[in-house]
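A short write-up of the structure that comes next.
Throughout, read-outs are computed from the coordinates displayed, never taken from laboratory work. The structure presented is a predicted model; accordingly, all values stated were derived computationally and were not measured. Positions of Cβ are generated from backbone atoms using ideal geometry, with glycine treated the same way; all protein chains shown enter the neighbour counts.
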């Protein structure tokens, strides 16, 4: 059974596009990143999965249960962190955590205490006096204190300082090791690359690509940077250099993505005047920018 | 009952303020009644000569010199308007405030059905209105004891019962509205209550506008009509309760399938 299965999910707000024909499968135990800039459809996808909004088309299942018909059963086993956290005015953090536990008909006191200690959250403070970061911490405790099987986090690190971000991901990794599935949306690509095993990129409400982070970052493709001069026509015209893309030439510099026979590349480059030469794995940011700035089409 | 208890805690301050304000004003009116009683004959003549204005407030059919007549007019203005404003405000914000304050996402991502949310919020609303009316009734009766007047039980219970129904009707209708609104709902609640009050004043002024009593809940709460008939107008009350039920049904229907932005 998959943790999340989405088939052809579509949401329109009137005539405005939210998401279109999204299909994704997230296996149990995955640490899954959902990448896209603001307005791409990340939150709409998540809110549709959680039953906050009704899909215009398609279906989705969480832990094998239909997201429309079995919403309450799903939510009992899911921990959700929204991108923008709001609490009831006048309530103290401990009252909010207690309310959240009561709504789940669970006694989460012990786990809540441990999480508050790790995240250095003062539970005596009023929610409306909290900084963005502390509100986020309170929401993280709400999402984790009942030890859910699936964690759905929407832009989880906004407002958290770097130390807290590290502690937060430590907690997520521990939960993931214990068997929980993590699904987090973000536009901070480094946190996806460093923490997630799998990822999908969403653009204009559609999934552009998905796969393991290693595949997405690498896929056998290398970023080649040359300092010096190379006959660029020999690069582009050489029939043996298949898989050369994204060529940028500036005086003294040549830069491109290459996915092909390295020997063939070296033979062509040996005809040039090269002072320095680097071959590196493209990072996820490069993959992302490739899709967003250059129209996608596989790296 | 978590949502029910949470709602009562959230609404506690507003409930106390409204209850204290209405009860205080009612008590002051009752406590000054003995002093005013002597001047009431002259005042009654004055009130009776104000034409449509007299009819609008039912002062042509009530004897201001008696506690019942005095209380019917005062009660109508203080408990009627105050209670209507409270019930409308509480009703119209009950569901919409979750979206206005961005807490709907917190609430609805817990394993609670939307039917449960609506039911427990409705129960909290009805509990608040009932508690407010019982407290006001008790304090009002206490003030009558303090001025050593015999309590006109039947009339008092009839007036308070009618205003309780009025509040239930407005709360029910506004609760339904609440499911459709996202933010800025207070104006809608206050506006509706005020409009209903003025519709009744118009209905009292002319026979041609009598049909308005079918629309406004103040139609079956008119002190002069209640004291004269000794009972509620069954037709107007039934229509009013029907409006309340339609409002509540609309809340269940709309909130059940509503997108939370």
Return the whole-Å distance between the Cα centroid of the range B:191-261 and the Cα centroid of the range A:1-77. 44
When the helix-only estimate is applied to the protein assembly as shown (DSSP H runs of n ≥ 4, each -39,500 (n - 2.57), divided by the residue count), what is the mean residue ellipticity at 222 nm, nearest 500 deg cm²/dmol? -16500 deg cm²/dmol
At 0.692 mPa s and 37 °C, Stokes diffusion of the range A:37-100 via Kirkwood alpha-carbon radius, µm² per second: 241
So what's the range A:98-175 giving for Rg/Rh, alpha carbon basis, Kirkwood Rh from the mean inverse pair distance? 0.93
Order of B:258, B:121 under a 10 Å beta carbon neighbour criterion, fewest first: B:258, B:121
Per q in 0.17 1/Å, what log10 I(q)/I(0) does a Debye calculation on the alpha-carbon atoms of the range B:165-261 return? -0.76
Order of B:175, B:85 - criterion: other Cβ atoms within 10 Å of each residue's Cβ, fewest first: B:85, B:175
Taking a point 7 angstrom from the Cα of residue A:105 along the C-beta vector, which residues in the range B:1-26 have backbone N less than 14 Å away? B:1-3
Arranged from highest to lowest average of other beta-carbon atoms within 10 Å per residue, in what order do the peptides A:46-54, A:25-33 appear? A:46-54, A:25-33
Simple spin-label estimate for residue A:77 and residue B:103 in nanometres, 7 Å along Cα-Cβ: 3.0
Report, as a whole number in µm² per second, the diffusion coefficient that Stokes-Einstein gives for the protein assembly as shown at 4 °C and 1.567 mPa s using the Kirkwood radius over alpha carbon pairs. 46
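When N is the residue count of the range A:222-281, what does its C-alpha Rg come to as a fraction of 2.2 N^0.38 Å?
It is 0.97.
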Within the range A:67-100, what residues put their amide N at less than 19 Å from the label point 7 Å along the Cα-to-Cβ vector of residue A:129? A:86-98
Choice from A:270, A:23, A:86 showing the highest fluctuation, given a GNM over chain A with Cα pairs closer than 10 Å: A:270
Top mean-square fluctuation among B:112, B:30, B:239, Gaussian network model of chain B, C-alpha springs under 10 Å? B:112
Please report the orientation-averaged projected area of the range A:163-239, defined via the convex hull of its C-alpha atoms, in nm². 8.9
Between residue B:25 and residue B:242, what's the calculated FRET efficiency when r is the beta-carbon distance and R0 is 41 Å? Round to 0.05. 0.85
Quickly work out the residue A:16-to-residue A:161 label distance, labels modelled 7 Å from Cα along the C-beta direction, and quote it in nm with one decimal. 3.7
Taking Rh as the Kirkwood radius computed over alpha-carbon pairs of the range A:151-192 and applying Stokes-Einstein at 10 °C with viscosity 1.306 mPa s, one gets a diffusion coefficient in µm² s⁻¹ of 149
If B:13, B:66 are placed from fewest to most neighbouring beta carbons inside 10 Å, the sequence is B:13, B:66
Largest-first semi-axes in Å of the equivalent ellipsoid built from the Cα gyration tensor of the range A:3-42 are 22, 13, 6
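So for the range B:108-225, considering every pair of alpha-carbon atoms, how many percent are separated by more than 20 Å?
57
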In terms of the ratio Rg/(2.2 N^0.38 Å) built on C-alpha atoms, what value belongs to chain B? 1.07
Of all alpha-carbon pairs in the range A:4-211, indicate the percentage at a distance above 27 angstrom. 29
Springs between alpha-carbon atoms under 10 Å, Gaussian network over chain A: tell me which of A:262, A:164, A:91 tops the mean-square fluctuations. A:262
